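The values are calculated or read from the model by the stated rules, or taken from the named source; none is laboratory data. All values derive from a computational prediction rather than experimental measurement. Cβ: placed from backbone, ideal geometry, glycine included. Neighbour counts: every protein chain shown.
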Amino acid sequence: MRFATLAIIGLMANIANAVELTTSNYDAETAGKTVFIKFFAPWCGHCKKMKPDWDKLMEETKGSEVGLVADVDCTSDGGKPLCDANGVRGYPTLKWGDPSSLEDYQGGRDFDTLKKFADENLKPICSPSNLDLCDDEAKKEIEKYLAVAEDALVKMIEEKEAELEKAESDFKTFVESLQKQYQDATQEKEEKIAAVKASGLSMMKKVQASRKKGGSDEL
């Protein structure tokens, strides 16, 4: 009984230490940090499956001055705008990097893999606020965009995001086309097989089997 009570207390402590990002605390919690974020929905089965490992990762990385592991609930009023802004289309979606320009995480989702990634990547990275970490090429790129007026920069970003959306849409259309072709080809195959069987193949095989057994051909 005492063990169960301690386990519950420990679980509640981990939950209390977890950081759930919303529009109201995002800037304050992520300021100056490289982030690793899980965008999720409470009803999502895959989200529930990886929750223990992700909660453990948040617990082991809490208090870091350079990195943050956190959650965003895409069904909450404060979380949904963050999910929309980052193009989240499925759950869970993991993203990492500069809080203002997140990148997709493509690795494994078990604790050991997540921890290894966090250890290697949740550190200061090249950005306008960390120019000393940038190589010459990155510095030139930053300078180029710093020289662009805000309205023009917004338009450039919108155009690039539209290109990303088109790439996703084109791929989805292509996959749907392949699925349609597969369904049509499967139906055509089944119809041909049915026609061949109906043309006498089954009886031919029965006659052949009968002959092998020494049966009579006479009726």
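List of remarks:
- Scan of segment 110-137 for residues that are among the polar types (S, T, N, Q) and more than 21 Å from D53 (Cβ to Cβ), ordered by number: S127, S129, N130
- Options A198, A185, A194; residue that is farther than 23 Å from A85 by Cα and exposed (fewer than 10 other Cβ atoms within 10 Å of the Cβ): A198
The rows are residues; the columns are (1) among the small types (G, A, S); (2) at positive phi; (3) surrounded by 10 or more Cβ atoms within 10 Å (Cβ to Cβ); (4) touching a residue at least 60 places away in the same chain (Cβ under 8 Å).
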position	(1), (2), (3), (4)
G79	yes, no, yes, no
N86	no, no, yes, no
P92	no, no, yes, no
W96	no, no, yes, yes
L102	no, no, yes, yes
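Listed here are the residues, each with its yes/no results for (1) touching a His at 6+ places or on another chain (Cβ under 8 Å); (2) free of Cβ contacts under 8 Å to residues at least 60 places away in the same chain; (3) surrounded by 10 or more Cβ atoms within 10 Å (Cβ to Cβ).
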{"residue": "D119", "(1), (2), (3)": "no, yes, yes"}
{"residue": "P124", "(1), (2), (3)": "no, no, yes"}
{"residue": "P128", "(1), (2), (3)": "no, yes, yes"}
{"residue": "K140", "(1), (2), (3)": "no, yes, yes"}
{"residue": "L146", "(1), (2), (3)": "no, yes, no"}
{"residue": "D151", "(1), (2), (3)": "no, yes, no"}
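- Criterion: at pLDDT 90 or above, part of a helix (DSSP H, G or I), of a type in the set (V, I, T) and closer than 24 Å to G97 by Cα - qualifying residue of I157, I142: I142
- Evaluated against (1) exposed (fewer than 10 other Cβ atoms within 10 Å of the Cβ); (2) under 26 Å from the mean Cα position of the chain (by Cα); (3) not small (G, A, S), D136 falls short on exactly one condition, (2).
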